[in-house]
Amino acid sequence: MVMLNERRRRLETMRTVFDRGDWLTAAQINAPRKRPPANQSQPASDWNRRGRIYSVTVDGRTYFAGYQFDTACQPQPVIREILAVLGPVSDTWKIAAWFHFPNGWISGARTQAVAPKDALDRPLDVIAAARRNNGSYIA
């Protein structure tokens, strides 16, 4: 029963993160390019493999969080730094949840916790929050 409840909560978290996010396919990342690559999964899959961005899978399709990219659909350098601090993770939904939910180590107006994805313009704060993570995805 405990494992069933854990699985249910994990699926609810995944659904919440996906439904409330701006998720892009590799083709959407390539859309602004004058000459998109012949292989539609590139360069996103290469960036993912090199730790510059992360992805999640939904119904067999790979999606990338939109906040990882600048206006030219290039990876934001801070994402690589954050992912390096968080370290290797077998379940990238944990990374997605870490970015999505408010983090007590990052405060905003009136000292309310802010989600890391909403504080990427403050890279030092977000990287510090990732360092305080201590192997957990709960702030």
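Values in this text are rule-based calculations from the coordinates and carry no lab data. Every value quoted in this text rests on a predicted model; they were computed, and no experiment measured them. All Cβ positions, glycine included, derive from the backbone under ideal geometry; neighbour counts span all protein chains shown.
Could you tell me whether segment 2-131 comes out rounded, prolate or oblate from its Cα gyration tensor? Rule is a ≥ b ≥ c as square roots of the eigenvalues, rounded for a/c under 1.5, then prolate if a/b exceeds b/c, otherwise oblate. Note, shape of segment 2-131 comes out oblate. When each of 94, 117 is scored by the number of other beta-carbon atoms lying within 10 Å, the sequence from fewest to most is 94, 117. Based on alpha-carbon centroids, what's the gap between segment 90-131 and segment 2-24 in Å, whole number please? Here the two parts' Cα centres lie 18 Å apart. Normalising the average separation of contacting C-alpha pairs (under 8 angstrom, six or more residues apart) by the number of residues puts the relative contact order of segment 2-131 at 20 percent.
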